[in-house]
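Before any comments, here is the structure.
Read-outs: derived from the displayed coordinates by stated rules, not from any lab. This is a predicted model, so every value here is computed, not measured. Because the Cβ atoms are built from the backbone with ideal geometry, glycine has one as well, and the counts that use them run over all protein chains shown.
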Amino acid sequence: MPEEIIDRIYRIPVPLPGNPLKELNAYLIKGGGRNLLIDTGFRQPACREALFAGLRALGLRRGEVEVLLTHLHSDHSGLAPEAARDRTIYISAADRPTLDDLHARQVHWDELEARFQEEGFPRRLMIRLQDANPARSMAPPMGGRYESLQDGRVLEAGGFRLQCLLMPGHTPGQMCFWMEEQGILFSGDHVLFDITPNITVWPQMRDALGTYLDSLRKIGGLPVRLTLPGHRKPGDLHQRVAQLLEHHHRRLDEALSVVKANPGQGAYGIAGRMTWKIRASSWEDFPAAQKWFAVGECMSHLDYLTLRGLVRKTTEGGKAAYYAV
Ligand SMILES: [Zn+2]
């Protein structure tokens, strides 16, 4: 059931069954004329029930809210068209094509799979993931009245002013929403507190990790009093930004030492030699989806090192191989 955060702002917990994230935090800003729903949950029954029961408890039905998405991921966007009906769904211009343009969505997945294959990700696992990956199966259907947001745009609802801040990294168009007067920040998945946001590679971003670290430093400069994240509990933003920066620098060091000790491997082989917080006895025992995330994370770190001249990448015969410089 909804939890009041401050007058006119509520959190609606939406369960994500079987997903390590456990829950999505949808937020509702209740206004006289306009109700803004920030994020929605997967397009899946358990999410649908919780979201719409939450809205009902606040006196709202489908079609009585506008939807504001922090980013394109389907645990945030899956139910957006059902919630908004013929009202507007706002999303950053950079994330929008992957969501509402079927051709762009297909090109996105094709390019991503080509990269994973080049890095040694087994073809048979990739095929298994094509049906099982919630990023695909629980994404919103085509259709919906989307409107693109640019960095700096201000939306008003419930007497509040929300400034849209583009914070690319977790996705190319990840946005945070900043209520300066109240010192409240909706951080989406840019900053999470007891889990580390996944940073992978994107065909549209040459240096996803470098871009993410820049966005972290940027958000860390705001005088935030309360951060409302996309998953789990709030926490101290400035302390968390420092921890996340340190975490990625440690991971960069680790990736570099694995490359030094194992020259000529692709990201799949390198990821298998890094440490992960997953309960599996060996890399071979990792569930396919977890391997996909681990290899993605590893590639973003390898790209960072390559672009800064610390590592050299070759792609002979369509196979990626990394060497320490
Ligand atoms: Zn996400």
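So the values come out like this:
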item: Matching residues, the range 159-186, being without any contact (Cβ under 8 Å) to a residue 60 or more places away in the chain and within 13 Å of the ligand (Cβ to nearest atom); result: 167, 169
item: Contacts under 9 angstrom Cβ, first residue in the range 18-43 being without any contact (Cβ under 8 Å) to a residue 12 or more places away in the chain and under 25 Å from residue 163 (Cβ atoms), partner outside any loop (DSSP other than H, G, I, E, B) and not acidic (Asp, Glu), 6 or more apart; result: 33/157
item: Contacts under 7 angstrom Cβ, first residue in the range 79-103 being under 20 Å from residue 14 (Cα atoms), partner among the hydroxyl-bearing types (Ser, Thr, Tyr) and assigned to a loop (DSSP other than H, G, I, E, B), 6 or more apart; result: 79/40; 80/40; 83/40
item: Qualifying residue in the range 132-145 (condition: part of a strand (DSSP E or B) and either touching a Cys at 6+ places or on another chain (Cβ under 6 Å) or surrounded by fewer than 17 Cβ atoms within 10 Å (Cβ to Cβ) (or both)); result: yes
item: Where residue 193 falls short, out of the listed (1) more than 16 Å from the chain's Cα centre (by Cα); (2) over 30 Å from residue 117 (Cβ atoms); (3) surrounded by fewer than 21 Cβ atoms within 10 Å (Cβ to Cβ); result: (1)
item: Top-ranked residue in the range 221-247 [being more than 16 Å from residue 163 (Cα to Cα), without any contact (Cβ under 8 Å) to a residue 60 or more places away in the chain and part of a loop (DSSP other than H, G, I, E, B); ranked as farthest from the ligand (Cβ to nearest atom)]; result: 236
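Conditions (1) within 21 Å of residue 144 (Cα to Cα); (2) part of a helix (DSSP H, G or I); (3) of a type in the set (Gly, Ala, Ser); (4) touching an Asp or Glu at 6+ places or on another chain (Cβ under 7 Å), marked per residue:
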position: 1; (1), (2), (3), (4): no, no, no, no
position: 5; (1), (2), (3), (4): no, no, no, no
position: 11; (1), (2), (3), (4): no, no, no, yes
position: 24; (1), (2), (3), (4): no, no, no, yes
position: 34; (1), (2), (3), (4): yes, no, no, yes
position: 51; (1), (2), (3), (4): yes, yes, no, no
